[in-house]
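These notes are about the structure you will find just below.
Just so you know, all these numbers are worked out from the coordinates, no wet-lab data involved. This one's a predicted model, so the numbers in the text were calculated from it and none came from an experiment. Note that we place each Cβ from the backbone using ideal geometry, even for glycine, and neighbour counts take in every protein chain shown.
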Amino acid sequence: MKSSVIVFPGSNCDRDVVVALKKFKIENQMVWHDNSTLPKSDLVILPGGFSYGDYLRAGCIASKSPIIEDIIKHAKKGGLILGICNGFQILIETGLLPGVLLRNKKLRFLSKNVYLKVTNLENKFCINYKNNNIIKLPIAHNEGNYFANDKILKNLEDNNLIAFKYCSNKGDINTENNPNGSSNNIAGILNDTKNILGMMPHPERLIDPILSGTDGSFMFEGLLKSY
Amino acid sequence: MKISSEIITKHGLKQDEYKKIISLIGKEPNFLELGIFSAMWNEHCSYKSSKKHLKKLPTKNKNVIQGPGENAGVVDIGDGDAIVFKIESHNHPSFIEPYQGAATGVGGILRDIFTMGARPIATLNSIHFGDTNHPKTKILLNGVVSGIGGYGNCIGIPTVGGEVKFDSSYNENILVNAMAVGLVKKNKIFYSKAEGINQPVIYVGSKTGRDGIHGASMASAEFDNNLEEKKPTVQVGDPFTEKLLLEACLELMKDDSIISIQDMGAAGLTSSSVEMASKGNLGIEIDLNKIPCREKKMTPYEMMLSESQERMLIILNSNKIDNAKKIFKKWGLDFSVIGKTTNTKNLVLNFKNQEVANLPLSSLSSDAPLYARKWKKFVTPKIKKQNIDFKKYKILESLKTILMSPNNSEKSWVWEQYDQTVMGDTIQKSGGDSAVVRVHGKNKGVAITVDSSTAYCLANPIAGGKQVVCESWRNLIAVGSNPIAITNCLNFGNPEKDEIMGQFVECIDGISQACTYLDYPVVSGNVSFYNETQNRAISPTPTIGGVGLINNLNNMMTRNIKEVGSYIIVVGKTSGHLFQSEFYKEVVGIKDGPPPDVNLFNEKNNGLLVQKLISKKILNAVHDVSSGGILVALSEMCISGKIGAKIKIPENNIDLHEYLFGEDQSRYLIEVNEKNKDDVSSILEKNRIYYEIIAKTQKANLYLDKKFNISLTELSKINSMWFKNYFNES
């Protein structure tokens, strides 16, 4: 499996993702945002960070980068795209995923481990969570409060396009366990054809028992398995 | 412009200092030259009051590669790796404008690290605020925390630890001390000393604006009533540009293009050019028309004194200009050849084809004033033996009062605003005895802690200075590391006053004694004087940033209790010292009296023994006993491990309150399971280390016979409620 991690000015989780890809033996190349052609890839990852310092609006300026045109083509051909944190924000700004990401409900940056329920196990990113669909991953963001109109939310729910929801350690999905105020506790969503996943939590940060968990590993192993 | 005595005063210079300027340069300085002197001769840049005493600190051991005098200190951690670290204050600007003040404090200290070729791997901070009821405290706390987070989160360096303290002495002078740690290959360290004549001087990074002008002079004076007027002296940070600058510099550092490099921090272009040239015993000539400016019509005076952030000065190998230019262009940063090194030993500034300043560099650096200020020895006030009716203070109620007090409460409200896990190597985050960050790609780690002890230092500067170093050392021992060295940030009031200077001299004495005894030298730091407003100074606050090495991460230790049915042992002798304790301060309301003394012999002995036990892998958990004493330490171990304990007090002549809340030094709590109990006891006995078994772990409750029984859920709730209540959050 070949992956491309796109690096924007201000990306800061690019190295972390590459460490994870290497660990699971996914062949990766770093692609500078200024390139106008995407090298041949099965998986494109938009990493976390503060592309363009989050100026104007998180992800907004990066969504106009030269590389984006090719990424949209890749998406239309059914290629896999994973957007993590700022990457999710960029996917929303490009229009590849619906809705918006508002500032967190408490208007503060929030960095902590949260529990997630994997609510769609039928996509290439999540197939490996079948035996364990309540997982723990870190979040670290200022604008992760997913918001969309009722029609979009209904479409997401009805077509099972929500990949992750914030929940308690037992899997209860409620306001108390919604860290940022997201509609329907949404932490990650898929596009209609389920080849694009945008998520606020960071799977690449929990791939090692010494880092207090390995729930992120399942995603990378699953991607490899589904390839 | 004629230099009047009013202009001299406005530049923070004394009349006799002005006379000295004239005698050094043999002429009246022009306005620009006066500005340059003001920037270089202020306390913040010249260390004129502190230098004499800082010399007493030990600065070397077998691991030290670079001690004080560079952008940051460097220590060897083996395998060709080295750790670069430093702590610095950003107190004055943070009080005037908390968000930007704190943010640029983080930005500044990070530049000190990557200037030396290191990739920053962690930041920590020590922040002190006034009384929680003071009208400014809430706004300042909120602003500082979001400023620290705003900068660190954006640039993508984890904020892994720190401390947040409250005390009314900081009402009008908060403290924001930021520490950064970086990792570098031992043979790829960059220094600031210029070398070679006619080498190009390069300006890279952000453009120069009109912000932060006279920032360093502002930070070298007391505050008065006109605080609002000082806002333009505060710099404005742009972490996004700093991220680009970081990547561009590290990219350029891959080969030997750079001869020397220095960040433009306090006193901006002035201090960076002066320091680089004078360290190399060279001269430097700058064409100010080449400075990238943010605004039109900026004057030489503004350019030289601006403290705009995210800028670096580089002396480059002359044949590497094109390649360097390409790198900075890729990252969208300014790159300008602004001058060259010369053999004149002078700083020469040209503007519009005219020489606008010409000063011998020695007059700005080595010949700058140095003062042996008068200081007064601290006299321990006589304290009557307190006859306290301890029965009035129920143990559990006292514990609750301490655990829910702002200084002792759990601080996740703060940490959760900092990205602690970016870079994927944070093994222990805030909340433990020390943070632990893995050396990327290896199975070893760096332990880092930041500590201060305001009350102890005020009550006795020598004992306090000693204690805070020991506390730092102990925190590093507790996570299983081998302490290497420290960086210090010395925050004090106005040094022109005998008592304040006395606090400074004696705190240094204490720090020096402990550092020498523990072979735990000082490799970098800074001094912040004039933390004083309308004659009210802060309590003396030396902040110590300590760094240790864990050679094998499998031997790392944590403080949370691991299993039911194991034993809690207190290592070290308890005599029940209550003066300056949390129990006296928070519960009884006694604020005077001496701090606990530190016996350095016991400190070292107990610490090295705990280290040995950890390396033998026969301990479950370790936690140092500090503010609040044994009972608070035990509660913290229980809360973090979600396992309770049944306390059984060993027979002795000490009152129960003294035993449980006393703050005697050099002690640790260790958790040992049944299997290892005999081993541990026999090692302790063989080494003649005093120890007592004080509890056995059990499910869910903390229990003391006939006194109390409380569930951990409740205890944890009590410990974590203060910040939420303060900010009206559920």
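Please give the residues of the stretch B:647-666, grouped as numeric ranges, whose backbone N is less than 17 Å from a label point set 7 Å along the Cα-to-Cβ vector of B:Lys706. Flagged as within label range: B:647-660. Near B:Leu13: Cβ cut-off under 15 Å, other residues only, Lys/Arg at +1 and Asp/Glu at -1. The net charge is -3. Relative to the current alpha-carbon distance between A:Asn131 and A:Lys151, full extension at 0.36 nm per residue lengthens the span by 4.0 nm. Quick check: the distance between the Cα centres of the stretch B:231-273 and the stretch B:481-540, to the nearest angstrom? With the stretch B:231-273 and the stretch B:481-540 each reduced to a Cα centre, they are spaced 28 Å. The gain in end-to-end length when the B:Lys352 to B:Glu729 segment is fully stretched comes to 129.9 nm, 0.36 nm per residue minus the alpha carbon separation. Given +1 at the Cβ of Lys and Arg, -1 at the Cβ of Asp and Glu and no other charges, the dipole of the stretch A:2-226 around its Cα centre is 200 debye to the nearest 20. Along the axis of the charge dipole computed for chain B (Cβ charges of +1 for Lys and Arg, -1 for Asp and Glu, origin at the Cα centre), the listed residues B:Tyr47, B:Gly209, B:Ala82 are led at the positive end by B:Ala82.
Take the Cα of B:Asn552, go 7 Å toward its beta carbon, and the backbone nitrogen atoms of the stretch B:460-485 under 20 Å from that spot belong to B:477-484.
Going 7 Å from the Cα of A:Asp172 toward and past its Cβ, which residues in the stretch A:121-157 have a backbone nitrogen under 19 Å from where you end up? Residues A:133-136 qualify, since their backbone N sits under 19 Å from the label point. Annotation: the antiparallel percentage among DSSP beta bridges lying fully within the stretch A:2-226 is about 60.
Taking the centroid of alpha carbons for each part, the stretch B:1-39 and the stretch A:74-145 are 60 Å apart.
Round to the nearest 0.05 the FRET efficiency obtained for B:Asn443 and A:Lys2 when R0 = 41 Å and r is the Cβ-Cβ distance. According to the calculation, E is roughly 0.90.
The alpha-carbon of B:Lys330 sits under 20 angstrom from the alpha-carbons of these lysines, leaving out residues fewer than 8 places away in its chain: A:Lys64, B:Lys207, B:Lys243, B:Lys254, B:Lys320.
Cross-link partners of A:Lys76 among aspartates and glutamates, defined as those whose alpha carbon lies under 20 angstrom from its own and excluding same-chain residues fewer than eight positions apart: A:Asp42, A:Glu93, A:Glu122, A:Asp192. Exposure proxy shown here: for B:Asp509, B:Asp655, the number of other Cβ atoms within 10 Å sets the order, fewest to most, as B:Asp655, B:Asp509.
Shielding of peptide B:421-433 by partners, expressed as the average count of other chain Cβ atoms within 10 Å per residue Cβ, is 5.
The residues packed around B:Tyr170, meaning those with a beta-carbon under 14 Å from its beta-carbon, carry a net charge of -1 if Lys and Arg are +1 and Asp and Glu are -1.
On the beta carbon distance between B:Ser615 and B:Asp367, with R0 = 35 Å, the FRET formula returns roughly 0.10. Here B:Lys394 is the anchor, and the aspartates and glutamates within straight C-alpha reach of less than 16 Å, apart from those fewer than 8 places off in the same chain, are B:Glu582, B:Glu586, B:Asp655, B:Glu658, B:Asp705. Taken as Cα centroids, the stretch B:90-119 and the stretch B:630-695 sit 40 Å apart, rounded to the nearest whole angstrom. The GluC sites (Glu not before Pro) of the stretch B:585-684 that DSSP puts in a loop, and whose beta carbon has at most 11 other beta carbons within 10 Å, are B:Glu651. Go through B:Ile383, B:Met312, B:Val337 and say which Cα lies farthest out towards the positive end of the charge dipole of the stretch B:305-402; charges sit on Cβ, +1 for Lys and Arg, -1 for Asp and Glu. Result: B:Ile383. Which shape class applies to the stretch A:13-65: rounded if a/c is under 1.5, otherwise prolate when a/b exceeds b/c and oblate if not, where a ≥ b ≥ c are the square roots of the Cα gyration tensor eigenvalues? Oblate shape, in that a/c is at least 1.5 and b/c is the bigger or equal ratio.
A cut-off under 11 angstrom between Cβ atoms defines the neighbours of A:Thr94, and their net charge, with Lys, Arg +1 and Asp, Glu -1, is -1. Of all beta bridges that DSSP places with both ends in chain B, some 80 percent have antiparallel geometry. Cβ-Cβ distance of A:Leu121 and B:Ser318, R₀ of 56 Å, FRET efficiency by 1/(1 + (r/R0)^6): the value works out to about 0.35. Between B:Lys297 and B:Ile590, the contour length at 0.36 nm per residue exceeds the Cα-Cα span by 99.5 nm.
Could you pull out the pairs from B:Lys55/B:Lys345; B:Lys185/B:Lys444; A:Lys22/A:Lys194; A:Lys25/A:Lys194 whose alpha carbons sit more than 18 Å apart here? Show your work: numbers first, answer last.
Details: B:Lys55/B:Lys345 26 Å; B:Lys185/B:Lys444 15 Å; A:Lys22/A:Lys194 24 Å; A:Lys25/A:Lys194 23 Å.
The pairs that break the limit, which is 18 Å between Cα atoms, are B:Lys55/B:Lys345; A:Lys22/A:Lys194; A:Lys25/A:Lys194.
Exceedance of the 27 Å cut-off in Cα-Cα distance is limited, within the set A:Lys170/B:Lys642; B:Lys616/B:Lys642; B:Lys138/B:Lys230; A:Lys165/B:Lys138; B:Lys400/B:Lys642, to A:Lys165/B:Lys138. Simple spin-label estimate for A:Leu224 and A:Phe24 gives 0.8 nm between the two label positions (7 Å along the Cα-to-Cβ direction from each Cα).
Relative contact order of the stretch A:34-75, please, whole-number percent, based on alpha carbon pairs below 8 angstrom and at least 6 residues apart. Computed over the stretch A:34-75, the figure is 52 percent.
Just from its helices, what would the mean residue ellipticity at 222 nm be for the protein assembly as shown, if runs of 4 or more DSSP H residues each count -39500 (n - 2.57) and the sum is divided by every residue, rounded to the nearest 500 deg cm²/dmol? All intermediate terms of the calculation are to be shown ahead of the outcome.
Working: 30 runs with 295 residues, N = 957.
Per the formula, -9000 deg cm²/dmol.
Just check the stretch B:372-493 against the gyration tensor rule for me: Cα atoms, a ≥ b ≥ c as the square roots of the eigenvalues, rounded for a/c under 1.5, and otherwise prolate or oblate depending on whether a/b exceeds b/c. Because a/c hits 1.5 or more and a/b fails to exceed b/c, the stretch B:372-493 counts as oblate. Listed peptides A:10-16, B:712-718 appear in the order A:10-16, B:712-718 once ranked by packing, highest mean of other Cβ atoms within 10 Å at the front.
When you count the other C-beta atoms within 10 angstrom of each residue and take the mean per peptide, A:18-31, B:171-184, A:72-85 line up highest first as B:171-184, A:72-85, A:18-31.
Dipole orientation for the stretch B:224-282: of the candidates B:Gly280, B:Gln235, B:Ile261, B:Gly280 has the Cα lying most toward the positive pole (charges on Cβ; Lys, Arg +1; Asp, Glu -1). For chain B, the Cβ-based charge dipole about the Cα centre amounts to some 840 debye (Lys, Arg positive; Asp, Glu negative; other atoms uncharged).
With +1 on each Lys and Arg Cβ and -1 on each Asp and Glu Cβ, how big is the dipole of the stretch B:413-512 about its Cα centre, in debye rounded to the nearest 20?
540 debye
When the trypsin sites (Lys or Arg not before Pro) in the stretch B:577-684 are filtered for DSSP coil states and for at most 15 other beta-carbon atoms within 10 Å of their beta-carbon, the remaining sites are B:Lys591, B:Lys616, B:Lys617, B:Lys642, B:Lys648.
Remind me, relative contact order of chain B in percent, using alpha carbon pairs under 8 angstrom and six or more residues apart?
15 percent
With the Cα gyration tensor of the protein assembly as shown giving a ≥ b ≥ c as the square roots of its eigenvalues, does the rule (a/c under 1.5 for rounded; else a/b larger than b/c for prolate; else oblate) give rounded, prolate or oblate? Taking the square roots of the gyration eigenvalues as a ≥ b ≥ c, the protein assembly as shown is oblate. A DSSP coil position with no more than 16 other Cβ atoms inside 10 Å describes the following chymotrypsin sites (Phe, Trp or Tyr not before Pro) in the stretch A:52-140: A:Tyr55.
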